[in-house]
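What follows is a short report on a single structure.
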Amino acid sequence: MKHIISALVQNRPGVLSRISGMFSARGFNIDSLVVGRTEQPDLSRMTIVVIGDDQVLEQAVKQLAKLVVVVDVADHKDTPCVDRDLMLARISAPPGTRAQVVDLVNLFRGRVVDISHNSVIVEMSGPEAKIEGFIELASPYGVIELARTGVISMPRGLHRSRTHENNVPSGDTSTRPRRPAVRRAKKARKAGTRATKKKKGG
């Protein structure tokens, strides 16, 4: 079954290869993987579309949540979401068929963003099914080149996917387990404070 995994991760070098390697090591086929900045400059959002067994994937998501670089991770499988995929495609469009190609693009609510003597570049976004449908109907005209970003996803309205950050209610911060990175940072600050006091005392 196909799953859309959303992970909020620290913006550090090597995070992408570490997480993708974890999925591939467990035999999962990564259909697409997208990484982008979020509203917080030190965090990135990874959207991973994987195909695999439900139970095994659930264990993999739990293991993913234990990584220090992962702040939050959720599986959108049972959550109503808005999913989008962005495509750029160069379609063969000589003068004799150009009008038909443009009509097809407009039918799918895409845009022609570049035009040459014998081809056009089409920009289109939407669910995967829409993109796949356009590609299928455009194939007889000739798809010369194709680039897709992969799927990004966000839960609809007030829906919230079950996350694997921790099991403490969001309003209770007194018993919320601290992340290892946060604990190390606090220890480092305490050690620096003690060293400064000893230096002044000496």
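Laboratory data are not the source of any read-out in this text; all were calculated from the coordinates shown. Everything quoted here is computed from the prediction, not taken from an experiment. Heads up, the Cβs are rebuilt from the backbone with ideal geometry, glycines too, and the neighbour counts pull from every protein chain shown.
Annotations
- The stretch 2-78: radius of gyration over Cα atoms, expressed as a fraction of 2.2 N^0.38 Å: 1.01
- Kirkwood Rh in Å, taken over the stretch 1-41 so that all alpha-carbon pairs contribute: 11.7 Å
- Ranked list, fewest to most other Cβ atoms within 10 Å of each Cβ, for GLU128, GLU39, GLU58, GLU145: GLU39, GLU145, GLU58, GLU128
- Cα convex hull volume per residue for the stretch 47-92 (Å³): 132 Å³
- The stretch 111-135 and the stretch 24-46 have their alpha-carbon centroids 25 Å apart.
- Theoretical gain in end-to-end length, LYS66 to VAL112 [0.36 nm per residue, Cα-Cα removed]: 12.1 nm
- Charge-dipole axis of the stretch 45-148 as Lys and Arg at +1 and Asp and Glu at -1 on Cβ define it, positive-most pick from VAL50, HIS117, LEU64: HIS117
- Placing R0 at 22 angstrom, the Cβ-Cβ distance between LYS2 and ALA99 gives a FRET efficiency of 0.05 after rounding to 0.05.
- Going by neighbour counts of Cβ atoms within 10 Å, the residues THR38, THR149 line up, fewest first, as THR38, THR149.
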